[in-house]
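What follows is a short report on a single structure.
The values are calculated or read from the model by the stated rules, or taken from the named source; none is laboratory data. What you are looking at is a predicted structure, and each value in this text was computed from that prediction instead of being measured. Cβ coordinates were reconstructed from backbone atoms using ideal geometry, including for glycine residues, and neighbour counts include every protein chain displayed.
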Amino acid sequence: MATLSEVERIKAASDGLRGSLALSLDDAPTAGLREDDQQLIKLHGIYQQDDRDQREARRQRKLEPAYSFMIRVRLPAGICSTGQWLTMDALASEHGDGSLKLTTRQTFELQGVIKESLRPTLQAMDRALLDAIAACGDVNRNVIAGAAPDRPALQARLQADAVALSEHFLPATRAYHEIFLGAERVAGGEPEPIYGPTYLPRKFKTVIAVPPRNDVDLYAHDLGFVAICEGDELLGYNLCVGGGMGTSHGEPSTYPRVATVLGFLPATQLLPVAEAVVTLQRDHGDRSNRKQARLKYTLDRLGTDHFLALLNERLGEALQPARPYAFSERGDAFGWQAAGDGRWWLTLRIEGGRLRDAGEQRARSALREIASRFDLRLRITPNQNLSLIDVRDTDRAAIDAVLEGHGCAPQALSPLRRDALACVALPLCPLAMAEAERWLPQFAPRVEALLAQHGLADESVGLRITGCPNGCARPYLAEIGLIGKAPGRYNLLLGGDRVGERLNALYRESLDEPAILAELDQLFGRWAAERHSGEGFGDFTRRTGLVDGSSPHPAPRREPA
Ligand code: SF4
């Protein structure tokens with residue numbers, strides 16, 4: 001029998017995710033945690049990080065790294081109240097680095113929180129009915145859901161289902177409440193009825209998508225539900241399993257994979273089906289090699305048909321055949337949109353998902369004023385942007401005025417700038433090999449200029465950058481994916497499609513910025529000259545054989561719409 005991985009040992013010995021976390025937090029001589037606790041704290045939604053910009057200087061001064069923590073909020077469907085928004089905004093100033101990070105999985109991250117501030121921060125969140133439970137680690141993480149702003153009843157139903165999934169898969173342990181919120185331990189401990197004592201073999205991501213918009217990147221998720229509707233009525237969901245983005249450079253046994261569509265279920269079966277998939281992964285996932293532990297590898301190892309048979313067996317009945325659906329869009333719908341119930345949505349572009357006051361553009365202040373003055377809710381999008389939702393018609397002009405007064409009036413951005421994504425990467429992500437979020441604002445305008453030179457300024461080209469192959473900004477589903485290889489060097493991947501159904505492929509390795517721009521210059525020139533009418537850049541690079549059209553990992557299996 002293969003040896004269990006070190007993280008499995010830590011989880012098994014953790015006494016319900018408690019470990020020595022309480023002691024670690026009170027361990028004054030260091031700003032960091034004990035080694036095992038660094039793993040355990042992830043399952044409470046927190047990562048220990050250090051400022052890599054300071055690492056070398058501190059090492060030379062014989063100081064420990066500049067440790068701080070990232071807190072990721074559990075926020076199903078990305079929706080919060082104005083009071084919750086104001087709480088997070090205040091915490092960003094009081095205990096964070098002065099910014100709010102909006103993530104590709106529809107939630108907030110507070111970065112730069114020191115160890116002593118973890119408890120006060122989580123306690124303030126708790127008072128606002130927010131938590132970070134299971135936002136990271138080997139559990140079902142924040143459940144995300146797509147947007148249907150013009151179908152309010154459906155939107156409400158999808159949000160309710162995202163909340164139900166999130167709550168259903170919360171760990172039973174009270175460790176978070178005891179360690180961070182000061183709750184008493186209840187004698188006898190708690191069994192974990194769904195996860196068991198060692199939780200899942202690896203992280204697990206769940207999504208609800210609403211055709212025709214694939215804003216959630218359905219196929220990048222371990223577990224996906226596609227809403228099948230008749231008008232505004234939800235009939236049920238198509239089930240997708242086995243998507244995942246992370247790889248390791250130079251290790252072909254690791255690969256990105258698009259999720260496979262397995263069948264249809266009535267909406268009432270959402271939780272039993274989800275639980276059957278989660279427990280199959282719990283029981284069959286690889287617990288010896290974390291690089292092979294995601295559901296995508298379990299699915300490929302078992303085979304789709306066998307996995308489906310096991311799933312049907314657990315359910316006691318067979319899934320129905322998948323129903324037809326089709327995606328035609330992917331990015332967020334910016335600007336004002338009528339919500340069909342007399343209310344409005346306003347979606348704002350937040351580049352790199354980073355919300356701060358910077359010079360004349362005081363986005364955080366603008367949103368603080370909006371959340372303080374108006375009756376609405378806020379929704380973080382899966383593309384790191386922000387929607388103001390449930391806005392009264394009578395408030396629209398005043399909200400526009402607040403944005404304008406803070407230098408944040410929505411601007412006409414090119415499609416490339418509007419939809420580009422970047423992960424956090426340096427200086428805080430411990431896995432980053434290259435810049436991403438900090439590089440995007442300089443790099444994207446240069447790509448924009450190239451497109452303009454070739455008469456392509458109005459074309460939509462999906463650009464996504466990550467600092468490592470872990471793929472948090474889902475770069476393997478981009479038309480242009482840039483994946484950090486070393487400082488200033490990136491692998492260039494091409495050939496994804498516009499709606500996120502097809503993986504891209506490696507085109508050139510380890511390029512610096514001038515080399516990337518030179519490659520894109522000649523590729524855009526060819527695209528402008530040789531493209532078929534309306535042909536997207538990713539489709540063009542595939543059709544012309546610039547990148548390999550054959551993928552070892554199959555496209556989603558489904559009926560045509
Ligand atoms: Fe960090 Fe890599 Fe994720 Fe970027 S993709 S945030 S560098 S782990």
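Listing for the model above:
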| item | result |
| --- | --- |
| PRO149, sole failed condition from (1) at pLDDT below 95; (2) of a type outside the set (S, T, N, Q); (3) under 17 Å from LEU110 (Cβ atoms) | (3) |
| Failed criterion for PRO430 (all others in (1) over 19 Å from MET245 (Cβ atoms); (2) within 12 Å of the ligand (Cβ to nearest atom) hold) | (1) |
| Inter-residue pairs, beta-carbon under 6 Å, first on the phi > 0 side of the Ramachandran plot and in region 172-188, second exposed (fewer than 13 other Cβ atoms within 10 Å of the Cβ), 6+ apart | none |
| Which listed residue, of ASP89, ASP150, ASP126, is touching a residue at least 60 places away in the same chain (Cβ under 8 Å) and touching a helix residue (DSSP H, G or I) at 6+ places or on another chain (Cβ under 8 Å) | ASP89 |
| Selection count where residues are surrounded by fewer than 18 Cβ atoms within 10 Å (Cβ to Cβ), touching a residue at least 24 places away in the same chain (Cβ under 8 Å) and part of a helix (DSSP H, G or I), scope region 7-24 | 2 |
| Lone qualifier among GLU251, GLU275 - being of a type in the set (Asp, Glu) and modelled with pLDDT of 95 or more | GLU275 |
| Qualifying residue in region 310-323 (condition: hydrophobic (A, V, I, L, M, F, W, C), under 30 Å from GLY112 (Cα atoms) and crowded, with 18+ Cβ neighbours inside 10 Å) | no |
| Options ALA31, ALA22, ALA77: the member that is at pLDDT 95 or above and closer than 30 Å to LEU158 by Cα | ALA77 |
| Some residue of region 48-63 being of a type in the set (A, V, I, L, M, F, W, C) and farther than 20 Å from GLU178 by Cβ | yes |
| Pairs where the first residue, in region 107-121, is farther than 12 Å from LEU25 by Cβ and the second is among the acidic types (Asp, Glu), C-beta under 6 Å, 6+ apart | GLN111/ASP97; GLY112/ASP97 |
| Meets criteria (of a type in the set (D, E, K, R), under 30 Å from ALA326 (Cβ atoms) and within 11 Å of the ligand (Cβ to nearest atom)) for ARG498 | no |
| Residues within region 167-213 that are part of a loop (DSSP other than H, G, I, E, B), of a type in the set (Val, Ile, Thr) and surrounded by 15 or more Cβ atoms within 10 Å (Cβ to Cβ), tallied | 3 |
| Near pairs, Cβ below 8 angstrom, 6+ apart or cross-chain, from region 503-529 (within 19 Å of ALA436 (Cα to Cα)) to any residue that is loosely packed, with under 14 Cβ neighbours inside 10 Å and of a type in the set (A, V, I, L, M, F, W, C) | SER510/ALA486 |
| Members of region 214-232 that are assigned to a strand (DSSP E or B) and of a type in the set (A, V, I, L, M) | LEU223, VAL226, ALA227, ILE228 |
| In region 254-268, the residues that are farther than 25 Å from GLU233 by Cα and part of a strand (DSSP E or B) | ARG257 |
| Complete set of residues in region 441-451 that are touching a residue at least 12 places away in the same chain (Cβ under 8 Å) and either surrounded by fewer than 18 Cβ atoms within 10 Å (Cβ to Cβ) or within 13 Å of the ligand (Cβ to nearest atom) (or both) | PRO441, PRO445, ARG446 |
| First in region 455-481 and in contact (Cβ under 8 Å) with a residue 60 or more places away in the chain and near the ligand (Cβ under 9 Å from one of its atoms), second anywhere and among the β-branched types (Val, Ile, Thr) and part of a strand (DSSP E or B), Cβ under 7 Å, 6 or more apart | PRO469/ILE483; CYS472/THR466; ALA473/ILE465; ALA473/THR466; PRO475/ILE465; PRO475/THR466; PRO475/ILE483 |
| Of residues in region 412-427 being surrounded by fewer than 20 Cβ atoms within 10 Å (Cβ to Cβ), over 18 Å from the mean Cα position of the chain (by Cα) and in contact (Cβ under 8 Å) with a residue 40 or more places away in the chain, the one nearest to the ligand (Cβ to nearest atom) | PRO427 |
| Residue in region 123-131 that is modelled with pLDDT under 95, assigned to a helix (DSSP H, G or I) and over 29 Å from VAL7 (Cβ atoms) present | no |
| Selection within region 347-363 - over 17 Å from THR104 (Cα atoms) and of a type in the set (Gly, Ala, Ser) | ALA358, GLY359, ALA363 |
| Checking ARG438 against (1) within 12 Å of the ligand (Cβ to nearest atom); (2) crowded, with 22+ Cβ neighbours inside 10 Å, the condition it does not meet | (2) |
